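Q: Attaching a single structure in structure tokens format; questions to follow.
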């Protein structure tokens, strides 16, 4: 049986990943096994009502079979997962779901503005298209409710039903090309207080295990494993494989850890991006646009850079590279009209396309300042006689008209290639890139 949950946190605290660990703890008390890895699924990062990272969670429960694997620890006891399992008997399943819902409510910030906990349970994964819609678009709650009714899903909500979209989409994710995150949680008495995570120990772990990513921003030396919100998370170790975070955890020195869990995630996959034409990009959606720079970029207030892109269908769209991304404004500002680029990012409510990455496909030749002609007889550069008066060789006194000057070629500041934001400015779903 798959259980998906969403919308348990608020800007003042809470965390949906922590809420799922509470369900795992409750399953142990209920004699229900965890099947496979719990899943942390990031959805459309542009939805205007998200709390922080727009994550939903899912896990499969039942009667486990096969060799158990340790995926974490809660209350001093290991979290053991089975590779396979069978369904619970109907009466036992109903009892377990009622217990899970009550535990979820107690673990959520229900009653606070914008917090509307939801839980969805089904025996089989929901259609994958639901995940792809939820990670790329705004999804209508009514459509999801109809899908869940056809699937005979167990559905519980508190407040609005908006949370069923994320809960159902987390179950619909197939878990393909995953990354992994090991999340360690604080003891409740320390929630809201400054975190204590030793930066040097994190750097040591990252150097020893290359499978880890986004541990630190080398440009700012900012530690990226620890959040800066009043949530229960102490730190998270992200990896391209499941072994690296598990092996690195003992190296990290920190304040006491209450519990930890390894999640299968879609972070760093770029799943929210798809090739689109400018006219197809709806508000609060993300995509990849390919075209030609339409006019010279300009620096606007705040250090952001604005440029216009004309796509292959002939439509122009304003694009913004925001200063906090560091790399992107410098790259965007060095482009000129005619350069061929591929841009990925998202729209808000307005038309501006907010950049998350730039690929320079082809550059037009750059021309520099006017250079005086070289004397063919003396093999020396001539000198200017003044504005519009032409040039003369100092040795042989030969003269040339103003039109004889030539433009020097210049090397572009950035050549063809892919450019990402500085690591501290990347979104959870952003495609992985070099951490420089």
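Q: With just the Cα atoms defining each centre, how far is region 1-74 from region 89-121? Give it in Å.
A: That distance is 12 Å.
Q: For region 235-293, what does the alpha-carbon gyration tensor say about shape, rounded, prolate or oblate, given a ≥ b ≥ c as the root eigenvalues, a/c under 1.5 as rounded, and a/b over b/c as prolate? All intermediate terms of the calculation are to be shown ahead of the outcome.
A: Numbers: a/c = 3.76, a/b = 3.15, b/c = 1.20.
It comes out prolate by the Cα gyration axes.
Q: Another question, then. At what distance in angstrom do the alpha carbon centres of region 360-428 and region 155-172 lie from each other?
A: After rounding, the separation between the Cα centres reads 60 Å.
Q: What is the packing order of peptides 33-42, 74-83, 402-411, taking the mean over residues of other C-beta atoms within 10 Å and listing the highest first? Intermediate results must be reported in sequence, preceding the final value.
A: Working: 33-42: 23.6, 74-83: 14.5, 402-411: 11.4.
In descending order of packing, they fall as 33-42, 74-83, 402-411.
Q: Another question about this same structure. On a 0 to 90 degree scale, rounded to 10, what angle separates helix 16-30 from the longest Cα axis of the chain?
A: Tilt relative to the chain: about 20 degrees.
Q: So for region 2-175, averaging the separation of alpha carbon pairs under 8 Å that are six or more residues apart and normalising by length, what relative contact order in percent results?
A: It comes to 32 percent, rounded to a whole number.
Q: Taking a ≥ b ≥ c as the square roots of the Cα gyration tensor eigenvalues, with a/c under 1.5 meaning rounded and otherwise prolate when a/b beats b/c, else oblate, which class fits region 1-66? Walk me through the numbers before you get to the answer.
A: Numbers: a/c = 3.72, a/b = 1.99, b/c = 1.87.
Because a/c hits 1.5 or more and a/b exceeds b/c, region 1-66 counts as prolate.
Q: Consider all pairwise Cα distances in region 30-140 and report the whole-number % of them above 18 Å. It would help to have the intermediate numbers written out before the result.
A: Numbers: 3729 of 6105 pairs.
More than 18 Å apart: 61 percent of the Cα pairs in region 30-140.
Q: Among rounded, prolate and oblate, which fits region 259-345 when a ≥ b ≥ c are the square roots of the eigenvalues of its C-alpha gyration tensor, a/c under 1.5 means rounded, and a/b larger than b/c means prolate? Can you show the working numbers first?
A: Values: a/c = 2.59, a/b = 1.50, b/c = 1.73.
Since a/c reaches 1.5 but b/c is at least a/b, the shape of region 259-345 is classed as oblate.
Q: Please give the direction-averaged projected area of the C-alpha convex hull for region 180-265, in square nanometres with one decimal.
A: Details: hull surface 20.8 nm².
Hull-based average projected area comes out at 5.2 nm².
Q: What is the fewest-to-most order of 1, 119 by other Cβ atoms lying within 10 Å of their Cβ? Before the final figure, lay out each step's value.
A: Working: 1 20, 119 28.
Fewest-to-most Cβ neighbours within 10 Å comes out as 1, 119.
Q: State, as an integer percentage, the relative contact order of the chain based on alpha-carbon contacts under 8 Å between residues 6 or more apart. List each step's numbers first, then the result.
A: Working: 1029 pairs, mean separation 63.2, N = 436.
Reported as a whole number, the value is 14 percent.
Q: Any chance you could check the Cα centroid distance between region 235-279 and region 134-154 for me, in angstrom?
A: Comparing the Cα centres of region 235-279 and region 134-154, I get a distance of 27 Å.
Q: While we're here: So for region 106-151, Kirkwood radius off the Cα pairs, Stokes-Einstein at 4 °C and 1.567 mPa s: how many µm² s⁻¹? Walk me through the numbers on the way to the answer.
A: Details: Rh = 12.6 Å.
For these conditions, the coefficient is 103 µm²/s.
Q: So for region 367-409, what percent of the C-alpha to C-alpha distances run longer than 12 Å?
A: Numbers: 491 of 903 pairs.
That tail contains 54 percent of the Cα-Cα pairs.
Q: Can you tell me the relative contact order of region 367-409? Whole percent, Cα pairs under 8 Å, sequence separation 6 or more. Let's see the in-between values first.
A: Details: 72 pairs, mean separation 18.7, N = 43.
That works out to 44 percent.
Q: Averaging over all projection directions, find the projected area of the Cα convex hull of region 79-238 and quote it in nm² with one decimal place.
A: Working: hull surface 50.7 nm².
Average projection, Cα convex hull of region 79-238: 12.7 nm².
Q: For the chain, what is the convex hull volume of its Cα atoms per residue in Å³?
A: Working: hull volume 79.2 nm³, N = 436.
In the chain, the Cα hull volume divided by residue count equals 182 Å³.
Q: May I ask you to sort 288, 358 by Cβ crowding, counting other Cβ atoms within 10 Å and putting the fewest first?
A: On the way: 288 17, 358 24.
In increasing order of surrounding Cβ atoms, one gets 288, 358.
Q: How much mean residue ellipticity at 222 nm does the chain get from its helices, if each DSSP H run of length 4 or more adds -39500 (n - 2.57) and you divide by all residues, to the nearest 500 deg cm²/dmol? Don't jump to the answer; show the numbers that get you there.
A: Details: 8 runs with 85 residues, N = 436.
After summing the helix terms and dividing by the residues of the chain, the value is -6000 deg cm²/dmol.
Q: On the Cα set of region 106-183, report Rg and Dmax in Å, please.
A: 13.1, 37
Q: Another question about this same structure. If you fit an axis through the alpha-carbon atoms of helix 141-150 and take the longest principal axis of the Cα set of the chain, what angle between them do you get, 0 to 90°, nearest 10?
A: Approximately 40 degrees, to the nearest ten.
Values quoted throughout were computed directly from the atomic coordinates according to the rules given, and no laboratory measurement underlies them. Keep in mind the model is a prediction, meaning the values are calculated, not measured. All Cβ positions, glycine included, derive from the backbone under ideal geometry; neighbour counts span all protein chains shown.
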